[in-house]
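Just below is one structure, and these are the notes that go with it.
Coordinate-derived values only; no laboratory data. Only a predicted model underlies this, so the values are computations on that prediction, with no experimental measurement involved. Because the Cβ atoms are built from the backbone with ideal geometry, glycine has one as well, and the counts that use them run over all protein chains shown.
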Amino acid sequence: MQKPTLISNQSTAEHGDNLSSVYTNHLSRRDSLKLLAALAASAMLPALAGCEPTPVAKTASGTTSTEHWPELKLQPITAKGYGKDPNLIMPPEAPWPLTLTPAQLSLVALLSDIIVPQEGQSPSASAVQVPSVIDEWVSAPYPSQQRDRLTILSALAWLDDEATLRFSKPFTTLGTTQQLAIIDDIAYDNEQTPKQFQRIAKAFGRLRNLVLAAYFCTPEGIKDIGYLGNVPIAGAYPGPTPEAYSHLNKTLAELGLSDFAYPVS
Amino acid sequence: MNDFAYDVLVVGSGAGGAMAAYELTRQGHKVLLLEAGRNYDPKTETPMFRPNSAAPLMGTSTPDKDFGFYDSTVDGGWQVPNEPYTTAEGSDFLWWRARMLGGRTNHWGRYSLRFSEHDFKGKSRDGLGADWPFTYDDIAPWYDKTEALVGVCGTNTGLDDMPPSSEGVLQPPPPPRVPELLIAAAAKKHGIAAVPMHRAVLTKPLDNRAACFYATPCGYGCSIGAAFQTTTSLLPMAQATGNLQIITDAMVKTVTVDAQGKVTGISYIDKKTATEQQLSAKVVVLAASACESARILLNSKSASHPNGLANSSGQVGRNLMDSTGAGLSALVPALMDRPRYNEDGHTANHLFIPWWGHKAQANKELDFPRGYHFELGGRFGEPGAYVSGNLQGYGTSLKQQVRAHYGSYVSFALRGEMLPNEHCYMDIDPQVTDKWGIPVARFHWQWSKHELKQVEHGLKTAKAILETMGATVGELPAAEDAIRKGGEIIHEVGTTRMGSSSKDSVTNQWGQSWDCPNLFVMDGGVFASNPHKNCTLTIMTLAMRNSAWLAEQLTAGKL
């Protein structure tokens with residue numbers, strides 16, 4: 001599968017504070033994972049991080065008051081799945097055709113980096129090919145992915161509609177302040193969420209979860225979240241570290257459970 | 001196969017069939033084994049160490065791979081291509097199948113708990129269901145032999161739900177993880193013990209199999225043989241005797257009989273050529289899985305066996321049971337932001353909660369007759385296609401929410417005993433055939449109040465323990481909504497049950513059909529009841545014991 005890679009156009013004069021990026025197909029995602037892993041091992045990773053940390057500005061400029069929703073009529077995905085006996089050692093590189101348009105992919109990349117910006121040693125979502133994973137996901141022929149396809153493509157269309165309503169331009173061409181003004185309205189799904197943002201907040205939440213999942217699956221994300229498994233251990237499984245036991249004992253004490261502690265040798 | 005003079009035809013290469021082949025060949029009898037699926041070699045096909053990021057869709061479950069991309073199941077899951085099953089109107093039932101050498105042993109949970117005398121004699125105690133035609137003492141030595149051969153880690157807990165293994169049989173269990181230790185303390189406050197789970201996972205090397213190195217989920221299969229599956233143990237061991245030959249892609253259609261109704265062999269479809277083939281044999285052992293074996297018997301009608309083979313009792317296909325299943329999970333705030341360490345372990349729960357209510361049930365303090373256990377979840381698992389937490393916002397504060405929630409959820413999976421009832425059975429669909437022209441199984445299912453009351457009790461208990469850990473659980477679902485579908489726990493048994501009378505059972509205690517002395521069943525179909533403790537260890541133990549008995553009969557020329 002041809003997987004896109006990120007070309008940042010942050011420095012273009014037209015959109016000075018623009019987070020927008022253009023995605024084109026270069027490295028395969030799995031190739032680039034390998035490359036990133038190799039680069040990480042040689043401590044060159046920070047130099048790769050493409051995006052600056054996202055400045056979070058809060059303005060309520062141009063808030064719309066009316067509810068709108070793009071009622072998309074999507075063609076069903078008719079590609080075949082990977083089947084019931086795929087090669088598990090060498091998974092299919094291109095299990096089905098990707099379907100996001102370049103514009104949709106660029107919007108996904110932009111949103112991915114708002115959701116997961118570069119942070120210290122941890123790269124941004126688009127730097128580890130998260131948008132490609134989203135493309136693979138929404139292009140998959142399975143029922144739950146097709147439901148997500150409708151949700152996510154609707155969210156992308158909603159964002160352009162909203163950007164046009166508020167600022168008379170598509171979302172990716174807005175300045176960061178304007179983009180974040182919209183995102184701030186839809187990124188919180190709670191009792192205070194205004195009625196006109198409730199539906200998009202749920203759709204954005206689905207995209208957010210997929211972006212986070214795709215990010216924390218990567219070698220960089222695994223390092224960030226602190227997953228330490230999937231390594232062979234010679235001899236007995238060691239169990240919790242002294243620090244972990246100490247935290248447990250403190251927790252047991254706080255919950256009044258110290259007297260009931262399971263004996264640990 | 002012309003030059004291979006076999007005595008016994010075994011149908012199925014999973015827990016029952018492979019154990020039968022192992023025991024019979026070990027004792028010098030030649031066995032021809034048929035497997036409906038393709039050949040499969042865990043040494044070369046298991047995706048060891050493969051990360052979710054290298055799989056399509058982050059490894060998530062799909063209708064092609066119901067338990068995730070890397071699950072070892074080949075050509076199966078809830079549906080097998082071109083081999084449907086049906087459900088009667090108003091019935092929900094799911095049937096998990098695999099079409100591969102080793103069958104479902106390649107991916108099973110490896111939970112290996114002994115049934116007890118209490119479990120074998122339920123009807124004597126409460127009048128419900130059926131007793132087994134032997135006592136615990138009869139089978140205890142065979143549990144020891146099976147556990148030693150298979151390799152089971154765990155401890156003798158002394159609890160009345162867990163009969164002890166003989167000294168030196170069990171391998172040491174891995175130490176518990178932090179969330180399990182917290183659950184254990186909270187449960188103990190309620191008077192409920194959590195103890196090491198017994199699992200068919202090696203913590204010490206055995207034969208040609210390596211000890212677990214505590215990485216790669218067992219459901220992927222295990223290339224080093226630490227997690228038990230027949231393809232890295234019983235089948236190669238049986239082949240090494242020179243007494244076993246295997247035909248894969250062989251879908252058995254019927255057991256054949258002569259004019260007198262005596263079993264003569266089997267008829268199968270060679271899937272590679274789509275042709276029907278006949279094989280004769282002195283003895284036929286069905287171990288195709290409870291429902292597949294019953295399907296073969298019901299499809300094997302003849303003048304002398306008009307209701308299907310071995311079915312003079314009318315019990316073939318009846319008494320279908322699964323385990324009850326329900327789950328409850330919650331965020332435990334006290335586990336948020338806890339110190340990281342490698343919590344993979346042997347990739348399933350190290351501690352579980354065995355059934356603790358024997359005395360309460362004896363005192364009639366409970367409104368349901370049979371017990372259950374809890375399998376415990378909660379650890380720093382490999383990141384996958386979903387991120388937990390009520391996540392809000394974006395950017396660095398969002399990432400911090402994800403890190404804080406990681407490893408802070410715990411879950412209770414209830415697995416309980418159901419009783420057989422007249423509404424739960426399988427028969428042959430009169431209209432539908434599979435790709436090979438074989439009439440398919442049709443399932444009928446209805447939980448009874450016994451199961452619903454049990455699930456209700458389990459959910460309340462899990463909630464009480466969770467709240468003791470400081471979790472907020474909220475309102476519990478109704479038992480009818482919480483209970484999983486029939487078949488969904490993949491412990492379907494009982495369709496060819498054994499008993500002490502030919503009137504109400506299909507086989508005797510040796511798995512020998514009452515109607516045909518040279519026809520045996522050695523899968524979960526023979527279970528007279530379905531205790532809550534996961535069926536595979538007992539399938540293997542019965543298959544070993546009954547194959548040893550069969551070997552004696554063959555040696556003595558009695559069959």
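Region B:389-409 and region B:1-71 have Cα centres separated by 41 Å.
Straight-line cross-link partners of A:Lys84 among the lysines, defined as a Cα under 17 Å from its Cα and at least 8 positions apart when in the same chain: B:Lys65, B:Lys271, B:Lys435.
Bridging of B:Lys364 to aspartates and glutamates at a Cα separation below 13 Å is possible for B:Asp126, once same-chain residues fewer than 8 apart are set aside.
With unit charges on the beta carbon (Lys/Arg positive, Asp/Glu negative), name the residue among A:His247, B:Gly59, B:Thr46 whose Cα is farthest towards the positive pole of the charge dipole of the protein assembly as shown. Of the options given, the answer is B:Thr46.
Go ahead and run the numbers for FRET between A:Asn190 and B:Asp337, Cβ-Cβ distance against an R0 of 22 Å, rounding to 0.05. After rounding to 0.05, the efficiency reads 0.50. Free of any GluC sites (Glu not before Pro) that DSSP assigns to a loop and that have at most 10 other C-beta atoms within 10 Å, the longest stretch within chain B is B:168-364. Multiplying each eigenvalue of the alpha-carbon gyration tensor of the protein assembly as shown by 5 and taking the square root yields semi-axes of 51, 30, 25 Å, largest first, rounded to whole angstroms. Between B:Arg38 and B:Met100, B:Leu101, B:Asp249, the built amide H atoms are under 5 Å apart, and every one of these is 5 or more places off in sequence or on another chain. Other residues with beta-carbon under 15 Å from the beta-carbon of B:Met48 carry, at +1 per Lys or Arg and -1 per Asp or Glu, a net charge of -2.
By other beta-carbon atoms within 10 Å, ranking B:Met498, B:Met540 with the fewest at the front produces B:Met498, B:Met540. By other beta-carbon atoms within 10 Å, ranking B:Thr275, B:Thr248 with the fewest at the front produces B:Thr275, B:Thr248. Checking the a/c ratio against 1.5 first, then a/b against b/c, what shape does the Cα gyration tensor give for region B:225-324? In terms of gyration-tensor shape, oblate. With the charge dipole of region B:423-506 set up from +1 on Lys and Arg Cβ and -1 on Asp and Glu Cβ about the Cα centre, the Cα lying farthest toward the positive end among the listed residues B:Ser501, B:Val455, B:Ile490 is that of B:Ser501. Compute the signed sum of charges (Lys and Arg +1, Asp and Glu -1) over the other residues within less than 10 Å, Cβ to Cβ, of B:Tyr6. Residues close to B:Tyr6 contribute a combined charge of +1.
Charge dipole of chain B (Cα centre as origin; +1 on each Lys and Arg Cβ, -1 on each Asp and Glu Cβ, all else neutral): 700 debye, rounded to the nearest 20.
In units of the rule-of-thumb radius 2.2 N^0.38 Å, chain B shows an alpha carbon radius of gyration of 0.95.
The H on the amide N of B:Thr324, modeled in the peptide plane, is under 5 Å from the matching H of B:Gly416, B:Glu417, B:Met418, each at least 5 residues off or on a different chain. Count Lys and Arg as plus one, Asp and Glu as minus one, and take only other residues whose Cβ is under 12 Å from that of B:Ala88; the net charge is then -3. Close amide-amide hydrogen proximity is noted between B:Met197 and B:Leu351, B:Phe352, each under 5 Å apart and 5 or more residues distant or on a separate chain (H modeled in the peptide plane; Pro and chain starts excluded). Exposure here means at most 10 other Cβ atoms within 10 Å; with trypsin sites (Lys or Arg not before Pro) in a DSSP loop as sites, the longest stretch of chain B lacking them is B:1-271.
In chain B, the DSSP-assigned H stretches of four residues or longer account for a calculated mean residue ellipticity at 222 nm of -6500 deg cm²/dmol, using -39500 (n - 2.57) per stretch and the full residue count as denominator. Computed from backbone phi, the HN-Hα couplings of region B:328-333 come to 9, 9, 7, 6, 10, x Hz, rounded to whole numbers (Karplus: 6.51 cos²θ - 1.76 cosθ + 1.60, θ = phi - 60°; Gly and Pro given as x). Fully extending the segment from B:Lys359 to B:Lys121 would add 84.1 nm, taking 0.36 nm per residue of separation and subtracting the current Cα-Cα distance. Of all DSSP-defined beta bridges confined to the protein assembly as shown, some 70% are antiparallel rather than parallel. Computed from backbone phi, the HN-Hα couplings of region B:523-537 come to 10, x, x, 7, 4, 7, 8, 10, x, 6, 9, 6, 7, 5, 4 Hz, rounded to whole numbers (Karplus: 6.51 cos²θ - 1.76 cosθ + 1.60, θ = phi - 60°; Gly and Pro given as x). The separation of region B:494-559 from region B:163-238, counted between C-alpha centres, amounts to 27 Å.
If we count other beta carbons within 10 Å of each Cβ, what is the order of A:Trp96, B:Trp549, fewest first? All intermediate terms of the calculation are to be shown ahead of the outcome.
Details: A:Trp96 20, B:Trp549 17.
In increasing order of surrounding Cβ atoms, one gets B:Trp549, A:Trp96.
Here the label points at B:Leu128 and B:Glu475, each 7 Å from Cα along the C-beta direction, are separated by 2.8 nm in the simple model. At q = 0.13 Å⁻¹, what log₁₀ I(q)/I(0) does region B:277-353 have when each alpha carbon counts as one equal point scatterer in the Debye sum? Debye curve over Cα of region B:277-353, log10 I(q)/I(0) at q = 0.13 Å⁻¹: -0.66. Karplus-derived 3J(HN,Hα) values for region B:276-289, using 6.51 cos²θ - 1.76 cosθ + 1.60 with θ = phi - 60°, are 8, 10, 10, 9, 9, 7, 5, 9, 10, 10, 8, 8, 8, 4 Hz; glycine and proline are entered as x.
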